[in-house]
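The values are calculated or read from the model by the stated rules, or taken from the named source; none is laboratory data. Keep in mind it's a predicted model, so treat the numbers as computed, not measured. Heads up, the Cβs are rebuilt from the backbone with ideal geometry, glycines too, and the neighbour counts pull from every protein chain shown.
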Amino acid sequence: MYTFVTGPLAWLAFGIFFIGLIVRIVLYMKGLNWKMDRVSYRVNTVYGIKGAIRSVVSWLIPFGTGGWKTHPVFTIITFVFHLSLLISAVFLPAHNYILNQKWGISLFTIPEAVGDLLAMLVMGAVVMFIIRRLVLPEVRIITTAYDYLILFIAVAPFITGFIAYHQIFEYKLWIILHILSGEFLLIAIPFTKLSHFVLFFMSRIQIGMDFGIKRGGMKGSGLTW
Amino acid sequence: MAEGTLCNKKPVNTEEELKALMSDTGGKVYYQELEELEVDTTALWANIQKTLKSRLKTWLEICVHCGMCADSCFFYLANNKDPEQVPSYKIQSTLGEMVKRKGKVDNEFMRMAMDTAWAKCTACNRCGMYCPFGIDMGVMFGYLRGLCFSQGFIPWEMKIGSGMHRIYRAQMDVTTEDWVDTVEFEEEGIQDEYKDMSIPVDKENADIMYTLNAREAKHYPEDITDAAILFNLAGENWTVPSVGWEQTSLSMFAGDWEACKMQAETVYGAMDKLKPKRMVGTECGHAYRATVIEGPYWVGLESGKTPVESLHYVEWVAEALRTGKLKLDPSKKIKEPVTLQDSCNYVRNGGLGKVTREIMSYIAEDFREMTPCKEHNFCCGGGGGLNGIGRYHKQRNIGLKVKMDQVLATGCKLVIAPCHNCWDAIRDMAKIYKLDIRWTFLKPILIDMAIVPDKFKLDDDDED
């Protein structure tokens with residue numbers, strides 16, 4: 001079972017993940033329409049690129065925008081969640097060990113204790129997200145079951161990984177559950193709202209080009225997000 | 001198919017239809033017919049499939065329902081944080097639902113969508129600045145208005161406005177003769193007060209072609225006079241076209257894209273005919289948005305630019321003051337505290353926040369910013385056509401409270417509002433909430449402060 005989930009199934013999951021995301025990017029770009037979107041992407045491209053960079057970079061910096069500044073607590077939770085998730089997924093020693101075994105590549109790794117901490121931060125952040133959805137009226141009204149499902153898909157590898165690592169229950173079972181939930185997450189990304197993995201960038205680039213080209217960018221006063 | 005005589009899917013294209021619609025005071029019959037108007041779900045879905053491209057589709061899909069847009073919306077704030085005013089909720093429950101149901105929606109749903117698209121969003125685009133994904137719900141509501149228009153679900157005044165543009169190429173029934181008569185009349189008025197001032201009509205190859213808002217021609221001709229005096233004082237080689245003088249577009253508020261195109265083409269036609277170096281438009285936010293920002297796209301100009309360079313009035317004023325074409329008497333600078341209303345359409349959506357501040361530095365000694373301001377400003381409360389829709393006056397009046405609090409917090413009694421819509425909203429706000437404030441366009445205060453060169457002064461014998 002272990003060889004199957006780390007072998008063919010892993011190939012499949014990574015394949016769907018990467019190809020799926022490329023397809024999402026291509027489809028997004030193909031669906032852009034200068035006339036319908038009312039943005040001259042191809043003519044005033046330089047202004048567009050400037051606006052796009054500004055739009056993406058500002059929002060990647062904690063408290064870099066008016067939006068982040070108005071919601072300090074949510075901003076911290078959001079950045080902690082996303083950074084912890086990405087760093088632990090990519091740089092965990094155990095992940096790189098498998099990567100090295102299977103494909104002979106290995107990246108920089110973080111100490112295991114840090115990985116453990118990051119997993120706890122991810123789980124903690126998800127708890128906060130859930131509380132937010134339940135408590136704040138402005139979030140509750142737009143929350144659907146799908147939103148909880150997405151949170152569950154994202155956090156499942158961390159719960160199972162934490163249980164396996166600390167051998168709280170039977171290791172053999174939980175490590176397989178961990179791998180399966182991780183693969184499920186990879187597959188789910190291109191097909192769900194989790195596609196914001198790449199579509200965040202596409203959408204931010206588009207609106208950045210919109211403001212950079214059409215809505216004031218060419219007047220020289222750079223927009224402060 | 002249940003179509004009313006006044007309320008139906010057919011846009012108004014003749015004077016007769018327009019008169020019938022206008023004689024229905026307050027849209028009484030119109031709104032009764034609206035209750036029965038059938039939805040052509042096949043056409044609606046076909047329309048959506050044809051026009052809903054990846055940008056909007058992605059916005060609808062990836063919204064993670066985080067709620068960060070909530071307090072970016074002045075309607076949400078003005079309505080005591082009513083969750084139903086959260087922008088994400090407003091668009092998901094209307095456009096989102098319409099797409100989910102593949103256009104299979106009924107009359108009641110369409111009326112709800114209409115009430116949301118016009119009375120709960122002024123398309124100020126502020127939420128787009130506060131969404132981490134850059135989801136601009138103002139853009140989506142603009143799109144939704146277009147869908148509503150195609151099905152005949154639009155407020156009575158919007159149907160009239162769209163019809164006006166289709167028939168007169170102006171938002172009000174001002175014909176070419178009316179317009180030229182008005183200009184001639186105003187020109188005589190100016191000549192009673194100044195020497196050698198004129199309003200040249202249809203002059204070719206001028207430096208500036210001036211375009212304006214039809215209500216100036218219809219109800220506020222002094223605005224035309226003011227613009228003319230200032231152009232003359234600045235020594236500009238300018239003109240107004242006899243056709244293509246109207247810069248506004250109620251059709252944009254109505255979601256009537258066909259009429260939007262007609263209107264923009266008319267102005268661009270005047271540019272082609274008169275070949276001015278530049279166009280300058282009046283102190284109006286949506287006029288600039290429609291004719292200069294969006295217009296090129298409706299007409300199909302891939303450059304995204306108007307045939308000749310086009311300026312908002314504030315850009316011209318800043319330039320005239322900077323270059324010294326227009327000289328102000330420094331002793332007449334406004335002494336009292338004064339604040340400035342940023343129009344969403346040319347500040348957030350046009351990048352003109354800096355030039356307006358430049359103007360303030362010439363005219364005010366104690367200029368106080370509202371908080372927030374510039375691109376982050378709040379809508380006046382009456383944008384997107386809302387000022388003019390009787391059905392939604394209650395909602396509009398509640399929405400005004402956010403701007404009122406902003407104005408009062410500055411401690412200023414004078415608000416400069418270089419936008420017709422903002423000017424109206426602030427006027428109504430002062431009246432409804434009994435505020436001790438005054439509001440003004442730039443033109444009248446510039447005229448009060450301008451130094452008049454001797455050559456324009458009437459000889460003593462000319463004066464009584």
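Look at the stretch A:142-162: where a residue is in contact (Cβ under 8 Å) with a residue 60 or more places away in the chain and a partner is in a helix (DSSP H, G or I) and surrounded by fewer than 19 Cβ atoms within 10 Å (Cβ to Cβ), sitting 6+ places away or on another chain with Cβ atoms under 6 Å, you get A:Phe158/A:Met123. Away from chain A (no Cβ under 14 Å) and modelled with pLDDT of 95 or more: is that true of B:Lys81 in this structure? Taking the combined requirement at face value, the residue does not satisfy it. Among the residues of the stretch B:56-72, those that are more than 7 Å from chain A (Cβ to nearest Cβ) and either among the polar types (S, T, N, Q) or in contact with a Ser or Thr (Cβ under 6 Å, 6 or more places away or on another chain) (or both) comprise B:Cys63, B:Cys69, B:Ser72.
Quick one: which helices (runs of 4 or more DSSP H) lie wholly within the stretch B:79-196 and hold at least 1 residues that are within 29 Å of A:Asp210 (Cβ to Cβ) and aliphatic (A, V, I, L, M)?
B:87-91, B:97-100, B:107-119, B:127-130, B:137-150, B:156-168
Remark: pairs (first residue in the stretch A:51-75, closer than 15 Å to A:Asp210 by Cβ; second residue surrounded by 15 or more Cβ atoms within 10 Å (Cβ to Cβ) and among the aromatic types (Phe, Trp, Tyr); Cβ separation under 8 Å; 6+ apart in sequence or on different chains) = A:Gly51/A:Phe211; A:Arg54/A:Trp225; A:Ser55/A:Phe211; A:Ser55/A:Trp225; A:Val56/A:Phe201; A:Ser58/A:Trp225; A:Trp59/A:Trp68; A:Trp59/A:Trp225.
For the stretch B:274-292, indicate whether the set of residues that are within 11 Å of chain A (Cβ to nearest Cβ), basic (Lys, Arg) and buried (at least 20 other Cβ atoms within 10 Å of the Cβ) is non-empty. Checked against the condition, which is being within 11 Å of chain A (Cβ to nearest Cβ), basic (Lys, Arg) and buried (at least 20 other Cβ atoms within 10 Å of the Cβ), the stretch B:274-292 yields at least one hit. Here B:Gly152 meets each of (1) surrounded by fewer than 24 Cβ atoms within 10 Å (Cβ to Cβ); (2) within 14 Å of chain A (Cβ to nearest Cβ) with one exception, condition (2). In the stretch B:90-97, is there at least one residue being closer than 29 Å to B:Ile160 by Cα, among the hydroxyl-bearing types (Ser, Thr, Tyr) and free of Cβ contacts under 8 Å to residues at least 24 places away in the same chain? The answer is yes, given that some residue of the stretch B:90-97 is closer than 29 Å to B:Ile160 by Cα, among the hydroxyl-bearing types (Ser, Thr, Tyr) and free of Cβ contacts under 8 Å to residues at least 24 places away in the same chain. For the subset of the stretch A:1-32 comprising residues that are within 14 Å of A:Met202 (Cα to Cα) and not hydrophobic (A, V, I, L, M, F, W, C), which member is surrounded by the fewest Cβ atoms within 10 Å (Cβ to Cβ)? Among those residues, the one meeting the criterion is A:Lys30.
If only residues of the stretch B:31-55 that are charged (D, E, K, R) and part of a helix (DSSP H, G or I) are counted, the one that is nearest to the other protein chains (Cβ to nearest Cβ) is B:Arg55. Among the residues of the stretch B:32-85, just one is of a type in the set (Phe, Trp, Tyr) and surrounded by fewer than 19 Cβ atoms within 10 Å (Cβ to Cβ), namely B:Trp45. Scan the stretch B:293-319 for residues that are more than 19 Å from B:Asp202 (Cα to Cα), of a type in the set (Gly, Ala, Ser) and buried (at least 24 other Cβ atoms within 10 Å of the Cβ) and the total you get is 1. Is it true that A:Ser40 is out of contact with any Lys or Arg (no Cβ under 8 Å at 6 or more places or on another chain) and within 22 Å of A:Lys219 (Cα to Cα)? Against the criterion (out of contact with any Lys or Arg (no Cβ under 8 Å at 6 or more places or on another chain) and within 22 Å of A:Lys219 (Cα to Cα)), A:Ser40 does not qualify.
If you go through the stretch B:195-213 and keep only what is modelled with pLDDT of 95 or more and either within 21 Å of the chain's Cα centre (by Cα) or not hydrophobic (A, V, I, L, M, F, W, C) (or both), you end up with B:Ser198, B:Pro200, B:Asp202, B:Lys203, B:Glu204, B:Asn205, B:Asp207, B:Met209, B:Tyr210, B:Thr211, B:Leu212, B:Asn213.
Among the residues of the stretch B:110-124, not a single one is within 24 Å of A:Trp225 (Cα to Cα), within 14 Å of another protein chain (Cβ to nearest Cβ) and free of Cβ contacts under 8 Å to residues at least 40 places away in the same chain.
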